[in-house]
Amino acid sequence: MELSPKLYKWFVRPEWFSKVFVRNIIEDRFDFENKAVLDFGCGIGSSSFMFEPNNYIGIDCDSKRIRYAKRQHPEYTFEVSNGYGIPLPEGTIDYILIISVLHHIPKDKLPMYLREFRRVIKPYGRIVVIEPCYYDKPCISNSFMKFADRGKYIQGEAGYIQEFKNCQYDVEIHDRHKQLFFYNKIFFSATPNR
């Protein structure tokens, strides 16, 4: 069952959650001041508060969530994404933020997005990623994520990293952590090799 944008905000991505599990994790490692940020798969705009409105664009394929994001955060820019194209000029983005989105994209489609990210990112820009991640050893978390998460393409750490390396990105792992006891998360960044 898909939650309405309002219920999603209350139960899945309330503001405190974004502060604890997104902002507090990435804020110390990256300087977003005066940087152009693309929030890929922004949903209801839960992470927009972390950035300057004039340097932020959120895109998502769900038009209902984008309409909700525009009402909740009118000072920010949100666009509906249709297909693999990102509605931005080449080389205009410093950071691409991807929070729990890749595991919703089929593995055979992911390279198309990674190529499009390369097109819109500046030469030394970074992709900042936090994703659910299976651990190698069977554990309760893996089973819980398989059951509870709508994303059908959760990978192990090596899988995510290899996807980026196959598309000519250098990857740096920043952290592995648990989120709310049951979700294994990996936090990494990627830069296009030049």
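Details
- Hey, Ile93 modelled with pLDDT of 95 or more and closer than 22 Å to Thr191 by Cα or not: yes
- Test: residue in region 13-36 that is modelled with pLDDT of 95 or more and buried (at least 21 other Cβ atoms within 10 Å of the Cβ): yes
- Residues satisfying the stated conditions in region 160-182, i.e. in a helix (DSSP H, G or I) and surrounded by fewer than 17 Cβ atoms within 10 Å (Cβ to Cβ): Gln162, Lys165, Asn166
- Index of the failed condition, Ser46 passing every other in (1) in contact with a Phe, Trp or Tyr (Cβ under 6 Å, 6 or more places away or on another chain); (2) surrounded by 21 or more Cβ atoms within 10 Å (Cβ to Cβ): (1)
- Of everything in region 168-189 that is out of contact with any Ser or Thr (no Cβ under 9 Å at 6 or more places or on another chain) and not aromatic (Phe, Trp, Tyr), the residue that is farthest from Asp136 (Cα to Cα) is Gln168.
- For Ser47, the requirement of being touching a helix residue (DSSP H, G or I) at 6+ places or on another chain (Cβ under 6 Å), within 22 Å of His104 (Cβ to Cβ) and not basic (Lys, Arg) is met.
Okay, residues lined up against (1) more than 29 Å from Lys178 (Cβ to Cβ); (2) touching a residue at least 60 places away in the same chain (Cβ under 8 Å); (3) among the polar types (S, T, N, Q):
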position	(1), (2), (3)
Val22	no, yes, no
Glu27	no, no, no
Gly41	no, yes, no
Cys61	no, no, no
Asn82	yes, no, yes
Leu88	yes, no, no
Ile93	yes, no, no
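- Among the residues making up region 84-135, a single one is within 23 Å of Glu33 (Cβ to Cβ), loosely packed, with under 13 Cβ neighbours inside 10 Å and in contact with a strand residue (DSSP E or B) (Cβ under 6 Å, 6 or more places away or on another chain): Gly91.
- Among the conditions (1) modelled with pLDDT of 90 or more; (2) part of a helix (DSSP H, G or I), the only one that Asp108 does not satisfy is (2).
The values are calculated or read from the model by the stated rules, or taken from the named source; none is laboratory data. Since the model is a prediction, treat every value here as computed from it, not as a measurement. Counting neighbours? That spans all protein chains shown, and the Cβs are built from the backbone with ideal geometry, glycine included.
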